[in-house]
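Just below is one structure, and these are the notes that go with it.
The values are calculated or read from the model by the stated rules, or taken from the named source; none is laboratory data. Fair warning: this is a prediction, and the values are worked out from it, not measured in the lab. Positions of Cβ are generated from backbone atoms using ideal geometry, with glycine treated the same way; all protein chains shown enter the neighbour counts.
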């Protein structure tokens, strides 16, 4: 019983810090997205593609979350946008206090958008709000068609899902239509974008979603 | 500070229960393996292949860990071996108390081996011992070559790693040799088996490792 109480305490404390981050984003007119997926689903590659497309149109900052290494931040660096690497030192998700410290290192006044790439984990990051406006799920087709049914929380919480590595579908025995139907049952409002960050297929739909999201008036 | 103390408390309590599970396995002469990977790396398919090969040679039981659904247990059922599905109800890993309850439902006296398939998660399951004799890591080549460096704890703890979905290598821009060299730096003693559970390639080396492991005298 003690364990459950403590976890609720941590989540409540995190929610308060997430609200503070959200206020800070709003005060600076910055919109924030939180990217969540399994390890290796393609979050960093999606960010690379997105920076390649929009870095001259929008002022973008990136927060990279990893357990160890600065490899992801190093992949973002060539785009010349401000990037902060958070190392969780074994922690399985970002939390709002880590992101608050990362925001101290970003020039928020000079940014329109912040992309936060979470630790690769289909479970734990879903419970920790960071102050983002929306969650984007990335799912690799190579993970198999049963993942939304087996890990429903992310797909319920996300506003958009990039179904990535579509070019691998012929080699993966995955029924894409069943996967999408299962996902829609979990969250009928989820925007599902079929794409391959490797080949570029489908990314126009992702860019269009991002532009609509950025143009959207806040509630 | 409180949070860290609590987490240590949970891990210590878990270790005590894991030791009790280990004693229970030993008393019944049962050997146990704990399979850990990201979601969709191929743990269930590896178990299907392994059951297909050994179900008439060894008396095998399976514990399936998932957040939701009984899909994995349903895939094991056709092999006619005892299988227990644990649903963690949102929990990101199995723990020793869950496994203890699963063992109540298995005919341990009539088993030689128990395969425990953990929740798909490259991070949290690594911290929770279940009473197993060894951990087997499964890594899908489609997750990219940087995963051992970015998530080192699993690869340090595991005794064998099945590098799965090798048939996807030509489509994934992954340098398999670099991946393996990185992994060996993290754990020089790790047995690395290149395989594709889909095509069957490389599985003879996995079966040979399992036979050696099962034939090995316990310390």
For the range A:148-171, what are the residues that are in contact with a helix residue (DSSP H, G or I) (Cβ under 8 Å, 6 or more places away or on another chain), at the interface with another protein chain (Cβ under 7 Å from one of its Cβ atoms) and either surrounded by 24 or more Cβ atoms within 10 Å (Cβ to Cβ) or farther than 20 Å from residue B:170 by Cβ (or both)?
A:149, A:150, A:152, A:153, A:165
Given the conditions (1) in contact (Cβ under 8 Å) with a residue 40 or more places away in the chain; (2) over 14 Å from the mean Cα position of the chain (by Cα); (3) more than 27 Å from residue B:93 (Cβ to Cβ), every one holds for residue A:73 apart from (1)
Of the criteria (1) touching a residue at least 60 places away in the same chain (Cβ under 8 Å); (2) touching a strand residue (DSSP E or B) at 6+ places or on another chain (Cβ under 9 Å), which one residue B:11 fails:
(2)
Here are the criteria: (1) away from chain B (no Cβ under 14 Å); (2) surrounded by fewer than 24 Cβ atoms within 10 Å (Cβ to Cβ); (3) outside any loop (DSSP other than H, G, I, E, B); (4) within 17 Å of the chain's Cα centre (by Cα). Tell me which single one residue A:78 does not satisfy.
(4)
Among the residues of the range B:55-63, is any modelled with pLDDT of 95 or more, out of contact with any helix residue (DSSP H, G or I) (no Cβ under 7 Å at 6 or more places or on another chain) and assigned to a strand (DSSP E or B)?
yes
Would you be able to tell me the number of residues in the range B:95-140 that are more than 12 Å from every other protein chain (Cβ to nearest Cβ), under 13 Å from the mean Cα position of the chain (by Cα) and in a loop (DSSP other than H, G, I, E, B)?
5
Which of the residues belonging to the range A:172-191 are crowded, with 18+ Cβ neighbours inside 10 Å and closer than 19 Å to residue B:40 by Cα?
A:172, A:174, A:179, A:182, A:183
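Being at positive phi and touching a residue at least 24 places away in the same chain (Cβ under 8 Å): is that true of residue A:29 here?
So residue A:29 passes the test.
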